[in-house]
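Asker: Starting off with a structure, shown below.
The values are calculated or read from the model by the stated rules, or taken from the named source; none is laboratory data. Predicted model, so just to flag it, every value in this text is computed and none were measured. Here the Cβ positions follow ideal geometry from the backbone for every residue, glycine too, while neighbour counts run over all protein chains shown.
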Amino acid sequence: MRLPLVYHDDYSPPFPADHRFPMEKFRLLRDHLIDSGLTTDAQLIRPDICPADILALAHEPSYIERFLSGDLSRDEQRRLGLPWSEALARRTVRAVGGSLLTAELALQHGLACHLAGGTHHAHYDHAAGFCIFNDLAIISRYLLAAGRVQRVLIFDCDVHQGDGTARILADTPEAITVSLHCEKNFPARKAESDWDIALPMGMGDADYLKVVDDTLNYLLPLYQPDLVLYDAGVDVHKDDALGYLQLTDKGVAERDERVIRHCLERDIPVMGVIGGGYDKDRVALARRHGLLHHSANRVWQSQH
């Protein structure tokens, strides 16, 4: 069997070409994974849209309604930072559905990866930092409520702190929030995760990988989660426009492989989402995001 990979053609709706958010990166990532022989279009698993009642496990119903109907105030629109459209709304709920499906597949097979996801700046009642609904928080609440897991651990390696996830799940002790982020970076006002590991600007591969190893060697035995949600943001890369850390391609690939191995060696299922990544060279960015899927596939092949 192949590594389960989740994607939908809704992920890259028409979008202003000069916008700071690289909306076409999802489609370019799919193209890269197909061109590099990792998958075929037919093998990618297509998700349904996430129903509103599941979104409401982590978000205020009136906020969900305002966003889906295009009724955000100008201030809300500004915080989001993306131009609203029906295609964006459909993309948003489809991508949350994709992360949910990826989590289900990870529980079933031990490992699965999404070609999107990691919207960790979305808060209970508002969007922020290009994030509308928080897939990590929604998955956690959904699987806990359904009794599918007793404890979930979110391992967020995006360069920016997972502030929305931390705030939404602050009163959910069975969902452990862990954020490895560059300390001097967005958001200016940090939330309080269960574990915040603030990294100095300019950190390179070796020091970063040691922190990853030490953190997982401590936290995985401590909590023994039933599932790890891994946010594999590539904005830690030295060429990222919004990052401030100095990881190379090799360092990012090694990070992804280590995180997955740490989990699978302890028989803990893990699902990967791509998180943040910003580069004017969108093709290079897509390849960078693809490091997750190639690393995951290497681990998968070594175990099957």
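Asker: If you go through segment 257-304, how many residues are part of a helix (DSSP H, G or I), more than 15 Å from the chain's Cα centre (by Cα) and not β-branched (Val, Ile, Thr)?
Answerer: Of segment 257-304, the ones part of a helix (DSSP H, G or I) are 257-265, 282-303.
Right, trim to more than 15 Å from the chain's Cα centre (by Cα) and you get 257-258, 261-265, 282-285, 287, 294-295, 297-303.
In the following step, the residues that additionally are not β-branched (Val, Ile, Thr) were identified as 257-258, 261-265, 282, 284-285, 287, 294-295, 297-298, 300-303.
Looking only at that region, the number is 19.
Asker: I'd like to check something: does segment 12-24 contain any residue that is under 30 Å from residue 303 (Cα atoms) and either in a helix (DSSP H, G or I) or without any contact (Cβ under 8 Å) to a residue 40 or more places away in the chain (or both)?
Answerer: no
Asker: Out of all the residues in segment 269-304, which are free of Cβ contacts under 8 Å to residues at least 60 places away in the same chain and aliphatic (A, V, I, L, M)?
Answerer: Hits for segment 269-304 are 284, 291.
Asker: Something else: Go through segment 101-110 and report how many residues are surrounded by 24 or more Cβ atoms within 10 Å (Cβ to Cβ), of a type in the set (A, V, I, L, M) and either modelled with pLDDT under 95 or touching a helix residue (DSSP H, G or I) at 6+ places or on another chain (Cβ under 9 Å) (or both).
Answerer: First, the residues of segment 101-110 that are surrounded by 24 or more Cβ atoms within 10 Å (Cβ to Cβ): 102-103, 106.
Among the residues that remain, those that are also of a type in the set (A, V, I, L, M) are: 103, 106.
Then keep just the ones that are either modelled with pLDDT under 95 or touching a helix residue (DSSP H, G or I) at 6+ places or on another chain (Cβ under 9 Å) (or both); that gives 103.
Result for segment 101-110: 1.
Asker: What number of residues within segment 198-208 satisfy the criterion of being within 20 Å of residue 260 (Cβ to Cβ) and crowded, with 17+ Cβ neighbours inside 10 Å? Let's see the steps before the verdict.
Answerer: From segment 198-208, those within 20 Å of residue 260 (Cβ to Cβ) are 205-206, 208; that's our starting set.
Cutting the leftovers down to crowded, with 17+ Cβ neighbours inside 10 Å gives us 205, 208.
Qualifying residue count, segment 198-208: 2.
Asker: In segment 150-190, which residues are more than 24 Å from residue 251 (Cα to Cα), buried (at least 21 other Cβ atoms within 10 Å of the Cβ) and of a type outside the set (Asp, Glu)?
Answerer: Listed by number, the residues that qualify are 152, 164, 165, 166, 168, 169, 175, 176.
Asker: Can you tell which of 58, 112 is closer than 20 Å to residue 144 by Cα and in a strand (DSSP E or B)?
Answerer: 112
Asker: Does residue 185 qualify as being modelled with pLDDT under 95 and out of contact with any strand residue (DSSP E or B) (no Cβ under 8 Å at 6 or more places or on another chain)?
Answerer: Yes: the conditions hold for residue 185.
Asker: Identify all residues within segment 85-103 that are in a helix (DSSP H, G or I) and either under 16 Å from residue 71 (Cβ atoms) or among the charged types (D, E, K, R) (or both); write none if there are none.
Answerer: Residues of segment 85-103 in a helix (DSSP H, G or I): 86-103.
Within segment 85-103, 86, 88, 89, 90, 91, 92, 93, 94 meet the criteria.
Asker: Any idea which of 165, 172 is closer than 29 Å to residue 280 by Cβ and polar (S, T, N, Q)? Steps first, answer last, please.
Answerer: On the way: 172 fails: closer than 29 Å to residue 280 by Cβ.
Testing whether each residue is closer than 29 Å to residue 280 by Cβ and polar (S, T, N, Q) leaves just 165.
Asker: Within segment 124-156, how many residues are over 27 Å from residue 66 (Cα atoms), in contact with a Phe, Trp or Tyr (Cβ under 7 Å, 6 or more places away or on another chain) and not aromatic (Phe, Trp, Tyr)?
Answerer: Residues in segment 124-156 being over 27 Å from residue 66 (Cα atoms), in contact with a Phe, Trp or Tyr (Cβ under 7 Å, 6 or more places away or on another chain) and not aromatic (Phe, Trp, Tyr): 2 in total.
Asker: Something else: For segment 210-225, give me the residue count where each residue is over 19 Å from residue 193 (Cβ atoms) and surrounded by 18 or more Cβ atoms within 10 Å (Cβ to Cβ).
Answerer: 0
Asker: Now a separate question. Please go through segment 123-177 and give me each residue that is among the small types (Gly, Ala, Ser) and touching a residue at least 24 places away in the same chain (Cβ under 8 Å), ordered by number.
Answerer: 127, 128, 129, 137, 140, 145, 162, 164, 166, 175
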